[in-house]
């Protein structure tokens, strides 16, 4: 196995990751603007604050861009200068 993913899976993954990040950025910004510091309650009923959400977003957003750049599917039929 070469460790590469197909273009379809790549774009699906990048799109889903971007949509989730956009959703959480909007949630963070709307909670911050309304002054709701507690944010929302998680599955166990604990408050998830906007600052914790910001910390997670500041880690996940560059990570998505890094992995999207690193695993960008390359064309198999590339012609280099030496071959033309």
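No lab work stands behind these numbers, since they all come straight from the coordinates. Just so we're clear, the structure is a prediction, and the values are computed from it rather than from any experiment. Positions of Cβ are generated from backbone atoms using ideal geometry, with glycine treated the same way; all protein chains shown enter the neighbour counts.
Its Cα gyration tensor gives the stretch 7-70 an equivalent ellipsoid. The semi-axes, each the square root of 5 times an eigenvalue, are 26, 12, 10 Å from largest down.
Give me 27, 33 sorted ascending by neighbouring Cβ count inside 10 Å, so fewest comes first.
33, 27
Structural descriptor for the stretch 7-70: relative contact order 31 percent, calculated from alpha carbon pairs under 8 angstrom and at least 6 residues apart. Cβ crowding within 10 Å ranks 44, 11 as 44, 11, fewest other Cβ atoms first. Arranged from fewest to most other beta-carbon atoms within 10 Å of their beta carbon, 43, 51 become 43, 51. Placing a label point 7 Å from the Cα of residue 57 along the Cα-to-Cβ direction, the residues of the stretch 15-31 with a backbone N closer than 18 Å are 16-31.
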